[in-house]
C-alpha cells in the first residue's frame, strides 16, 4: 500500500455495500491502506455478503455478525465492537454511507476518538422523525468532519442546520458510479429476464421492505391491494422480489397476494439491476431504488408519505403516493408513460474520485471543530 491516509469503512447492509463499492475500488486503484468492518446488520447472507463476491470486492477485514435485534441493542453492540477495532487499528479516517444503525454506530465510535469521520450521502432529509433512519442520518451528519453531499439541495439542507460550509463537499452520489460500473456487467451476466420469462418494458417491479410498511398490517395490505390494481389497470405483471422480513409479515398477517403480483426470491445485485433497467415502472418504498430508477431512466412511484430523495420528484422521475390503493393507481397511471429523458440530479459518476481526492488532501481544507 502507498503513502496516504488509512481508511476504514463501516457497512452492514446491501445498499451500503453497493454504494461504497466504487469508493473501495478507488482505494484499491490508488493502493491506499484500507480495511472494512462488516457489522452483519443484515442477517440473510443472500442480501449482503454475496455482493462482495459479485462486485469483486475484497473480503471484509472484520465480521461482527451482530444480526437483527432491537435498535438500541443492535446499535449498542456495534458501537462497542467497532470502538474496540478502531482503538486497536487507529485509522486516519472512517467512512460510513447512508442512514442505517451501522452508520450511526460507526459515527458514534469514531467521533469519540481522534479519527476523522466522513459521511457519504450526507444531507438527506425526509422530515419524518418517526423513521429511525432520519435520526441516524441527522446525528451522523452533525458528528462528521467530512459531509459528502450528493446534491446542492443536500448542501443547502446542511447549511440550514448550521453545519460549517467548510465541512461540506458536493460530490454527486456514488450510486451513479455504481450503476454506471455495473449496468453493462448486469446486461452481460444476468439471465433473470429469461429465467422469469419477462419481456423488457412489459412488466412492473415492486420493492416493499421498510418496517413502517411491512410491520403494519393495514399499510402492507393497502399497498398490496393498490399494486394489484395497478397490475390490472396497466395489464402488466408486477414482479416482487420479496425481502425475508416482508415474507414473514405476509405470513403472519395472512395477507392475500392479489392477482398480477408475482412473488420471487430476493435477487442478487446484478439480477435486480437488470430487473430495474428493463421494467416499465418501479413501485418502491426504498430510497436507493428511487435513485437507481431515476438514473436508469425508469419512472417510479414511491409508496411512502415522505422521501429523502426529493430531487427525483423535482426532475419528474418519481411521484410520492403513500399506500392508499387509489393513490397508488393514480400515481402509476401518471408515471407509466414518462419517457425517462429527465436530467439525472445525482452527478456524473465521479463521486468516488472526488471523495478520495478530498480525504487524501487534493482538495482538503481545514476542518472546523465540531
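Exactly one residue among 221, 226, 260 is free of Cβ contacts under 8 Å to residues at least 40 places away in the same chain and within 14 Å of residue 303 (Cβ to Cβ), and that residue is 221. Residues in the range 49-75 that are in contact with a helix residue (DSSP H, G or I) (Cβ under 8 Å, 6 or more places away or on another chain) and not in a loop (DSSP other than H, G, I, E, B): 51, 52, 54, 62, 71, 74, 75. For the range 107-134, a tally of residues being without any contact (Cβ under 8 Å) to a residue 24 or more places away in the chain and closer than 25 Å to residue 172 by Cβ returns 0. When the range 235-265 is limited to residues that are within 23 Å of the chain's Cα centre (by Cα) and surrounded by fewer than 19 Cβ atoms within 10 Å (Cβ to Cβ), the one that is nearest to residue 209 (Cα to Cα) turns out to be 245.
Residue-wise test of (1) in a helix (DSSP H, G or I); (2) under 23 Å from residue 137 (Cα atoms).
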position: 240; (1), (2): no, no
position: 246; (1), (2): yes, no
position: 250; (1), (2): yes, no
position: 263; (1), (2): no, no
position: 270; (1), (2): yes, no
position: 298; (1), (2): no, no
position: 322; (1), (2): no, yes
position: 326; (1), (2): yes, no
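Here is a check on your reading of the model: is residue 325 surrounded by fewer than 23 Cβ atoms within 10 Å (Cβ to Cβ) and over 23 Å from residue 233 (Cβ atoms)? In short, no. The set of residues in the range 332-362 that are modelled with pLDDT of 95 or more, in a helix (DSSP H, G or I) and either within 30 Å of residue 29 (Cβ to Cβ) or touching a helix residue (DSSP H, G or I) at 6+ places or on another chain (Cβ under 9 Å) (or both) comprises 332, 333, 351, 352, 353, 354, 355, 356, 357, 358, 359. Please go through the range 277-296 and give me each residue that is outside any loop (DSSP other than H, G, I, E, B), surrounded by fewer than 24 Cβ atoms within 10 Å (Cβ to Cβ) and either over 16 Å from the mean Cα position of the chain (by Cα) or modelled with pLDDT under 95 (or both), ordered by number. Across the range 277-296, the qualifying residues are 277, 278, 287, 288. Taking the criterion of being outside any loop (DSSP other than H, G, I, E, B) and crowded, with 20+ Cβ neighbours inside 10 Å, the residues of the range 171-181 that qualify are 174, 175, 176, 177, 178, 179. Inclusion of residue 91 among residues that are part of a loop (DSSP other than H, G, I, E, B), under 22 Å from residue 112 (Cα atoms), at pLDDT 80 or above and in contact with a strand residue (DSSP E or B) (Cβ under 8 Å, 6 or more places away or on another chain) is warranted. When 153, 181 are checked against the criterion of being at pLDDT 95 or above, under 20 Å from the mean Cα position of the chain (by Cα) and within 29 Å of residue 337 (Cα to Cα), 153 stands alone in meeting it.
Residue by residue, here is whether (1) over 14 Å from residue 311 (Cα atoms); (2) part of a helix (DSSP H, G or I); (3) at pLDDT 95 or above holds:
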| residue | (1), (2), (3) |
| --- | --- |
| 119 | yes, no, yes |
| 124 | no, no, yes |
| 127 | yes, no, no |
| 130 | yes, no, no |
| 148 | yes, no, yes |
| 162 | yes, no, yes |
| 169 | yes, no, yes |
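Residues in the range 182-198 include at least one that is touching a strand residue (DSSP E or B) at 6+ places or on another chain (Cβ under 8 Å), over 26 Å from residue 119 (Cα atoms) and surrounded by 14 or more Cβ atoms within 10 Å (Cβ to Cβ).
Screening 221, 228 for residues that are in a helix (DSSP H, G or I), in contact with a strand residue (DSSP E or B) (Cβ under 7 Å, 6 or more places away or on another chain) and over 30 Å from residue 53 (Cβ atoms) leaves exactly one candidate, 228.
Scanning the range 94-113 for residues that are assigned to a helix (DSSP H, G or I) and buried (at least 21 other Cβ atoms within 10 Å of the Cβ) yields a total of 9. Exactly one residue among 45, 3 is at pLDDT below 90, surrounded by fewer than 22 Cβ atoms within 10 Å (Cβ to Cβ) and under 19 Å from residue 115 (Cβ atoms), and that residue is 3. Within the range 191-214, the residues that satisfy the criterion of being part of a loop (DSSP other than H, G, I, E, B) and either at pLDDT 95 or above or not assigned by TED's automatic domain parsing to the domain that holds residue 276 (or both) are 191, 196, 197, 198, 199, 200, 201, 202, 208.
The values are calculated or read from the model by the stated rules, or taken from the named source; none is laboratory data. Since the structure is predicted, the reported quantities are computational estimates derived from the model, not experimental observations. Here the Cβ is made from the backbone with ideal geometry for all residues, glycine too, and neighbour counts use every protein chain on show.
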